[in-house]
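Novice: Structure below; questions to follow.
The values are calculated or read from the model by the stated rules, or taken from the named source; none is laboratory data. This structure is a prediction, so every number in the text was calculated from the model and none was measured. A quick note on method: Cβ atoms are made from the backbone with ideal geometry, for glycine too, and the neighbour counts reach across all protein chains shown.
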Amino acid sequence: MTIDHTSKKSTSKLDVVSSEALVIGGGVAGMQAALDMANQGFKVHLLEKTPSLGGKMAMIDKTFPTLDCSACILTPRLSEVSRHPNIELHTYSDVISVAGRVGDFKVKIRKRARYVDEDKCSACADCVPACPVEVPNEFDQSLGFRKAIYQPFPQATPSTYTITKLGTPACREACPADVNPQGFISLMKEGRFHDALRIFRKSNPFPGVLGRVCIAFCEGECVRGELDESVSIRNLHRFLADYERKHGPDRPIEAKIDKDERIAVVGAGPAGLACGYHLVKMGYPVTVFEAQPEAGGLLRYGIPEYRLPRDILAEEIDWIAKHGVKIKTSSPVESIKSLKKEGFKAIFLATGASNSNKLGIAGEEAKGIYHASDFLERANSGKPYPLGEKVAVIGGGDAAIDSARVAIRLGAKEVTIVYRRSHVELPAIPSEVEDAREEGLNLLLLTNPIEILTSKDELRGIRCIKMKLGEPDHSGRRRPQVIRGSEFTLIVDNMIIAVGQSVTPKGLHEECDCSEWGTIKVNPLTLETNMEGVFAGGDVVLGPATAVKAVAHGKEAAISIDRFLRKVNVEADRIEERHRVRVEEVDMEKPTEPRVDMPKHGVAGRIQSYTEVELGFEQESATQEAERCLGCAICCECELCVEACTREAIDHKMQDEIIELPVGAIVLAAGYRLYDVSDYPRLGYGKFPNVIHAMEYERLINASGPTHGHLIKLSDGKLPKSIGFIQCVGARDVNRGVPECSRVCCMYGIKNAVMAKEHDPEIDVTIYYADIRAFGKGFEEFYNMAKDRFGIKFIRGRVGEVMEDRETGNLTVRVENTDEHAIQDIEHDLVVISPGIQPPWGLDVIASELGLELDETGYVPVKDELLAPVDTTIPGVFACGCVDSPKDIPDSVTAGSAAAMRATIILSQAEKKE
Amino acid sequence: MTEAETPRIGVFICHCGHNIAGVVDVVRVAKMAESLPHVVFSTDDMFMCADAGQQLIKDMVEEHSLNRVVVASCSPRMHEPTFRRVVEEAGLNRYLFEQTNLREHVSWCHMREPEAATEKAMDLVRMSVARAAKLENLPVKSVKVTPRTLVVGGGITGLRAALDIANRGFDVVLVDKEPKLGGHVAKWTHMFTGDRSGSEVVGPLVKEVKAHSRIEILTNSSVIEFDGYIGNFEATIENRKDKARSKFDIGTVIVAIGFDAFKPHGYYGYGESPDIVTLAELQEMPPRDRLLKPSDGKPASKIAFIGCVGSREPGKRGHEHCSRHCCPAVAKAASDLKDRLDEVLILYKSIRTYGRGHEELHRLARSKHVIYSRFPDGEDPVIEVVDGKVKMRWTDIYADEELQFEPDILVLASAMVARSDIDETTKLFGLTRSRDGFFNPEHIKLAPLTTHTAGVMIAGAAQAPKNASESVVDASGAAAKAVGIMARGEVEIESTVSRVISELCSSCHTCVTACPYGAIEMDESKDPPIAFVTEAKCHGCGTCAAACPSSAIIMLHSTDDQIMTMVQAYLCAPPDTIGGT
């Protein structure tokens, strides 16, 4: 803070630079202060932390002592403020810093992105049913739920919706293809599987294929993993694909090609197909050329059928084709030039990296030794290589495990993986490894082949050496080191080398600039090659990577090609500033629950054939698994609200805005918070469902509350028959740092008791109090009416303990009745605790920016209790409402007017200078 | 546009997204409206309140030369001002706009009956169109505001209010009946919170007020006549000694006449011994090192207080309320006196130390061994004066036994009650009082400083018992209200007021008594006298028009003709425009 306090001279000599004012807090006090300044002609900035003005008063059902409906008397005030030409609202905003001095403050504020344009939104609520995300409704004290897109209450001001969004969830951040797992899982929770599938397909056309073979980076980052186990994200999108297969699509697929620029894609693997898909969605005519007889690339020729049934692959490729992508198989492309000649305006190279790497030891060419890519391709094409009984697979990646499992299916009796690192470093999908072990696979870890033993050029065995792990290498994995003298021989009939793949040495890509590894050099952001109009992606750029990275490249290339053809900057704004939701931001207060098991084909049966091992979730198990998602970012960015909004008011890319306000005076009206009554464990709040606090009670009896005004017990939803109100909790308690009386609780307690009787005159109502402080205008009369007319019982005595009957859920209040000198146990079925009030959270931050020292209880001290009771100790800063001490509504409103008066005395001096 | 001009009505049916259109067949309603008399344009639109909708109205006014606009949308509560502004921007008088509520009154409450809802919507639109044809231009009036505030009462409240207004740059006339400014506070010895005496508190304020060039002080004076309306009052102030009168033009008024400290005759032996005093009287005893007994001037060593004297008496008018200030005041006085006296006892019903620093006073008193003893409700302590000695007997609830005490001085914490002369002030300024005898604010929750008389504010203990700090908050708050009116220079007054047709007036005075705002008077210059309405005072409530036996009063913008036309449109609709039956 950089407040300048040196100019504490008399006000008449003030140098007042700005005649504008800032009011911090849009509750009833702040609104009054703003109005009373604005009515004098001063421009007022009214800042409110939450999305709406109204403060606590908007939550309250009725007001004492007249039992006026709180919302009804507040609403006209809300519209008066929002319509006032001199008041500028800054809702959903925070103070960042304050500098300057009286008459010349500079206040920096952050206007948080609400992702809804206040001017366009008409609060029609069409977005609400579209939103799949439900969160506890803070406005209803979390007794009910609201959607991620919401309006806190019907009369909220400004009359606009707000989206609660913490950022991008870890799962989405982890996905190279920007698949939005929280998005489709949120929709799955609601059973909206078609909608969910659409969300998936926005970024990836292979829900079923990648639902089987994706490495699932998302699951590695899933925050649920911090609680128990990560959500089975891959299996969930597989379910979506299965669901559509079973039930058919909900909308017909239409190809909408409305652009003229033809685009060629070379290679019908995941990268090429994804690129084609995204381009046709934009309306471009796309032709994919594939040298092989069938499309699919590595998905078809590299992945065994028991993992990825061919019909699934075929259907998803067909689905892409139906969107207008022309796929020409058995059509090798001669040269890039030839494509250009044919009139293609842009080209995407995605020819893959299907060449198997060599081990680099002698004897690799011996008979009986296969390379994984050939081995798998042959097996996948139905022309498998012959195998003996003992097979060793060298390597630990997916191709190694696939090869091993294919070998098992081909009848090998003893199949062993030889891998030079430990189990921890094994790069293959863990569940695949697990499945393979079930099928009888041996793992020979920390072992490296050093020599191939042959006889008559035929494989006989492998000389291996044991390894140990040393320091981490550049990949972060611990580097394996040879253990001298640990050599041994492994007798095998066949050996399959699966130590990675690389780009085929010869091919189309040679026309572009390539790296030393033979991959095409591209701009990593845009995938542009050195040739204009030629883009490249997938394994031919990355070297052997994962299918999902290839899909990601396809999508990015499509964006680049579109921009290239539209002649707009290809590189600009490609990296989005996104906040990855941190673990500590996520509500982890959930019971642990393990992942839903994936049903599998039995081991005995499956190793005999290539039928799919994983059977997929049923609808019930899929929903159950979806429910495990913590919904880290709250808004899941499914963007269905965007579709639902007829006014185009929703913008998910909206950013926080930081502005500086020059003001002459500041009014603090930040309100209060209720004391956390769980701090008194003996009263049972938080332990017993039928012990609630007063604000929860307000919402329960409110017609727009979670029960539409039905006063029920939270344990069983039944109407209470006997209610006890416990007063003075978290007030007048020196030991808990709340030495003062909270001033409002007696009256709101009595009001709440009266309202219980209004709801049902048969309810027995008792108030346990220390003193009844009915000091304001009409209060004592109201207190007497509660006793005499409504028959509310008042027992003077602090409650010692609340006990629960486990069976009935009923509560016993133990109290020392000080009028009758007796300790009494009184049974109720609902207990309402009336919490005291405390300074609001965040007041200390604002105070420290202002250089204002709060008193020991956290309230704003005033300059002179008797003569200047709304002036703070900082010149130009005024206090009203509950920031300086608890107050009821009229006292808060009066203080708001008073603060306005004191502030305008300063502001008017700027006026005079003009 | 002249009134004789033929109405050309535009009808705009709002979908309000799905809010209305989801239930009501808006296209059908708009179509029906086309066939209504004088309607030259009718349409439906997604959101009339949106910029696009507003522009549509303006464009259609231009294109079709519309001179009346009906928007069928939501409650006028929210958007009547919006659409009035739109028609004004389109060049029409704001009173030529008519709003039909198809949302709150139709689609929201008949959500499950779309057909019936559509019929009702058609009925309402037909009625609105009929009324629109009868709407008349009304002038938009405003009155100038005299930039001067009359502050009545020179206690701490009046002083603070006067000073704030003057410092803000407006003139103040400060009137007090007493010869000296400062009110009760100036006389008191034990102020809370803090350790200043009343004169120390109020002294600097009085000095500042006296020195201020914008404040004219009239002590020993009272307002004897008051007339006019917001921004344009005239006050006649008379000096109570020399009876000299002066008149002032006044824009706004703050009534801060304070309270009376109740003299509790009939309670606890008050009046039977000079040693039984009220808290106010104790406060006014000359401060000195030793507290002296009023009876014999000897130093006192034992003192007792009794709380709630003349307060909190159910059923006793003017004494039902809690006097709010006494609990902390007693705690403060007791705590101060305990330093000088041997024994200090407080008898109480309950302790209401509710405010900032009050509990601290209470705890301080107890920590100094001030004895607090609670007596049961309905068993008041018994006080006897025997041989000049004050004897007390009472039941202590906690000890559950009868106790006795003989204090040298007994202090009765007596009530704050409305001033004995409050009735005059009430009448003078057209105010109202609540059951407690104090002034009634405009709204007990949200408008505690304004009154039903526009331009007249109340502040401090004139509204209800309050301590000095709270009264000062009131003072600044009321000052803000006054300045808010004056700073604008003029105030717009509603044109939807009542008007007397003088030919029909039978001079019966019914309306004069019926008007809750004192807006109707008899013009005595006519013979017979005729009622006339001061429009700035009229709230347009219609009470007078309803009461007038001669039908001599019309409500502008809600004329009988306009209302009857709607009824007729509902009951006698052309066949093709019938909605419900």
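Novice: Within the group A:Val603, A:Val568, A:Val583, which residue is surrounded by 12 or more Cβ atoms within 10 Å (Cβ to Cβ), modelled with pLDDT of 90 or more and among the β-branched types (Val, Ile, Thr)?
Specialist: It is A:Val583.
Novice: Is it true that some residue in the range B:550-570 is part of a loop (DSSP other than H, G, I, E, B), modelled with pLDDT of 90 or more, crowded, with 19+ Cβ neighbours inside 10 Å and not charged (D, E, K, R)?
Specialist: Yes, the range B:550-570 contains a residue that is part of a loop (DSSP other than H, G, I, E, B), modelled with pLDDT of 90 or more, crowded, with 19+ Cβ neighbours inside 10 Å and not charged (D, E, K, R).
Novice: I'd like to check something: does the range B:424-441 contain any residue that is of a type outside the set (Ser, Thr, Tyr) and more than 17 Å from the chain's Cα centre (by Cα)?
Specialist: yes
Novice: Quick one: A:Glu458 ticks every box in (1) under 30 Å from A:Gly533 (Cβ atoms); (2) in contact with a Gly (Cβ under 8 Å, 6 or more places away or on another chain) except a single one, so which number is it?
Specialist: Of the numbered conditions (1) under 30 Å from A:Gly533 (Cβ atoms); (2) in contact with a Gly (Cβ under 8 Å, 6 or more places away or on another chain), the odd one out for A:Glu458 is (1).
Novice: Moving on to the next point. Quick check on this structure: which one of B:Thr395, B:Thr353 is within 12 Å of another protein chain (Cβ to nearest Cβ) and part of a strand (DSSP E or B)?
Specialist: It is B:Thr395.
Novice: Among residues belonging to the range B:438-452 that are part of a loop (DSSP other than H, G, I, E, B) and surrounded by 21 or more Cβ atoms within 10 Å (Cβ to Cβ), point out the one that is farthest from the other protein chains (Cβ to nearest Cβ).
Specialist: In this case the residue turns out to be B:Thr451.
Novice: Which number in (1) surrounded by fewer than 24 Cβ atoms within 10 Å (Cβ to Cβ); (2) closer than 23 Å to B:Ala478 by Cβ; (3) out of contact with any Lys or Arg (no Cβ under 8 Å at 6 or more places or on another chain) marks the one condition that A:Ala33 misses?
Specialist: With respect to (1) surrounded by fewer than 24 Cβ atoms within 10 Å (Cβ to Cβ); (2) closer than 23 Å to B:Ala478 by Cβ; (3) out of contact with any Lys or Arg (no Cβ under 8 Å at 6 or more places or on another chain), A:Ala33 is out only on (1).
Novice: Still on this model: Can you work out which of the residues in the range B:348-375 that are within 36 Å of the chain's Cα centre (by Cα) and farther than 30 Å from A:Ala879 by Cα is modelled with the highest pLDDT?
Specialist: Result: B:Tyr348.
Novice: Kindly provide the set of residues from the range A:803-819 that are within 14 Å of chain B (Cβ to nearest Cβ), part of a loop (DSSP other than H, G, I, E, B) and of a type in the set (Asp, Glu), ordered by number.
Specialist: Result: A:Asp819, single match.
Novice: Continuing with the same structure: Of all the residues that make up the range A:695-754, how many are without any contact (Cβ under 8 Å) to a residue 24 or more places away in the chain, hydrophobic (A, V, I, L, M, F, W, C) and more than 14 Å from every other protein chain (Cβ to nearest Cβ)?
Specialist: 1
Novice: Since B:His358 meets every condition but one in (1) buried (at least 24 other Cβ atoms within 10 Å of the Cβ); (2) within 27 Å of B:Leu292 (Cβ to Cβ); (3) within 11 Å of chain A (Cβ to nearest Cβ), which condition does it not meet?
Specialist: (2)
Novice: Let me ask something else. If you go through the range B:63-72 one residue at a time, do you hit one that is at pLDDT below 95 and away from chain A (no Cβ under 14 Å)?
Specialist: No, the range B:63-72 contains no residue that is at pLDDT below 95 and away from chain A (no Cβ under 14 Å).
Novice: Something else now. Going by the structure shown, is A:Thr447 closer than 26 Å to A:Val433 by Cα and of a type outside the set (Gly, Ala, Ser)?
Specialist: yes
Novice: Restricting the search to the range A:48-65, which residues are touching a strand residue (DSSP E or B) at 6+ places or on another chain (Cβ under 9 Å) and either among the basic types (Lys, Arg) or within 13 Å of chain B (Cβ to nearest Cβ) (or both)?
Specialist: A:Lys49, A:Lys56, A:Met57, A:Lys62, A:Thr63
Novice: Further question on the same structure: Tell me, please, whether a residue that is surrounded by fewer than 18 Cβ atoms within 10 Å (Cβ to Cβ), within 32 Å of the chain's Cα centre (by Cα) and outside the structural domain of B:Leu56 (by TED's automatic domain parsing) can be found in the range B:82-104.
Specialist: Checked against the condition, which is being surrounded by fewer than 18 Cβ atoms within 10 Å (Cβ to Cβ), within 32 Å of the chain's Cα centre (by Cα) and outside the structural domain of B:Leu56 (by TED's automatic domain parsing), the range B:82-104 yields no hits at all.
Novice: Can you tell me which residues in the range B:59-76 are more than 21 Å from B:Val24 (Cα to Cα) and surrounded by fewer than 17 Cβ atoms within 10 Å (Cβ to Cβ)?
Specialist: Across the range B:59-76, the qualifying residues are B:Asp59, B:Glu62, B:Glu63, B:His64, B:Ser65.
Novice: Another one. Looking at B:Ser295, B:Ser373, B:Ser335, B:Ser367, which is the one that is crowded, with 21+ Cβ neighbours inside 10 Å, of a type in the set (S, T, N, Q) and either more than 11 Å from every other protein chain (Cβ to nearest Cβ) or under 17 Å from B:Ala415 (Cβ atoms) (or both)?
Specialist: Selected residue: B:Ser335, the only one of B:Ser295, B:Ser373, B:Ser335, B:Ser367 that is crowded, with 21+ Cβ neighbours inside 10 Å, of a type in the set (S, T, N, Q) and either more than 11 Å from every other protein chain (Cβ to nearest Cβ) or under 17 Å from B:Ala415 (Cβ atoms) (or both).
Novice: Which numbered condition in (1) in a helix (DSSP H, G or I); (2) away from chain B (no Cβ under 13 Å); (3) over 21 Å from A:Val870 (Cα atoms) is the only one that A:Gly30 fails?
Specialist: (3)
Novice: Take A:Ala774 and decide whether it is outside any strand (DSSP E or B), more than 11 Å from chain B (Cβ to nearest Cβ) and either aliphatic (A, V, I, L, M) or crowded, with 23+ Cβ neighbours inside 10 Å (or both).
Specialist: For A:Ala774, the condition - outside any strand (DSSP E or B), more than 11 Å from chain B (Cβ to nearest Cβ) and either aliphatic (A, V, I, L, M) or crowded, with 23+ Cβ neighbours inside 10 Å (or both) - is not met.
Novice: Let me ask you something else. Could you name every one of the strands (runs of 3 or more DSSP E) located completely within the range A:471-513 that has at least 1 residues being within 30 Å of A:Val333 (Cβ to Cβ)?
Specialist: Here the list reads A:494-497.
Novice: Could you list all residues from the range A:521-539 that are touching a residue at least 24 places away in the same chain (Cβ under 8 Å) and within 14 Å of A:Glu556 (Cβ to Cβ)?
Specialist: Hits for the range A:521-539 are A:Asn523, A:Leu525, A:Thr526, A:Leu527, A:Glu528, A:Thr529, A:Phe535, A:Ala536, A:Gly537, A:Gly538.
Novice: Moving to a separate point now. Taking the range A:766-785 as the region of interest, how many residues are under 48 Å from the mean Cα position of the chain (by Cα) and either over 30 Å from B:Pro441 (Cβ atoms) or of a type in the set (Gly, Ala, Ser) (or both)?
Specialist: 5
Novice: Right, here's the next one. Scanning the range A:102-152 for residues that are polar (S, T, N, Q) and within 14 Å of chain B (Cβ to nearest Cβ), which turns out nearest to B:Phe47 (Cα to Cα)?
Specialist: A:Ser122
Novice: Can I ask one more? Looking only at the range B:32-44, count how many residues are among the charged types (D, E, K, R) and buried (at least 19 other Cβ atoms within 10 Å of the Cβ).
Specialist: Going through the range B:32-44 one residue at a time, the tally reaches 1.
Novice: Listed residues A:Ser897, A:Ser908, A:Ser848; which is within 12 Å of chain B (Cβ to nearest Cβ), part of a helix (DSSP H, G or I) and over 23 Å from B:Ala464 (Cβ atoms)?
Specialist: A:Ser908
Novice: A further question follows. What is the number of the single condition among (1) surrounded by fewer than 17 Cβ atoms within 10 Å (Cβ to Cβ); (2) within 11 Å of chain B (Cβ to nearest Cβ); (3) within 18 Å of A:Pro51 (Cα to Cα); (4) not hydroxyl-bearing (Ser, Thr, Tyr) that A:Pro85 does not meet?
Specialist: Every listed condition holds for A:Pro85 apart from (3).
Novice: I'd like to verify a number: residues in the range A:780-802 that are in contact with a Lys or Arg (Cβ under 8 Å, 6 or more places away or on another chain) and either on the phi < 0 side of the Ramachandran plot or part of a strand (DSSP E or B) (or both), how many?
Specialist: Number of matching residues: 10.
Table: residues versus (1) closer than 19 Å to A:Gly30 by Cα; (2) within 41 Å of the chain's Cα centre (by Cα); (3) modelled with pLDDT of 95 or more; (4) away from chain B (no Cβ under 12 Å).
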| residue | (1), (2), (3), (4) |
| --- | --- |
| A:Pro835 | no, yes, yes, yes |
| A:Gln838 | yes, yes, yes, yes |
| A:Leu843 | yes, yes, yes, yes |
| A:Glu853 | no, yes, yes, yes |
| A:Pro861 | yes, yes, yes, no |
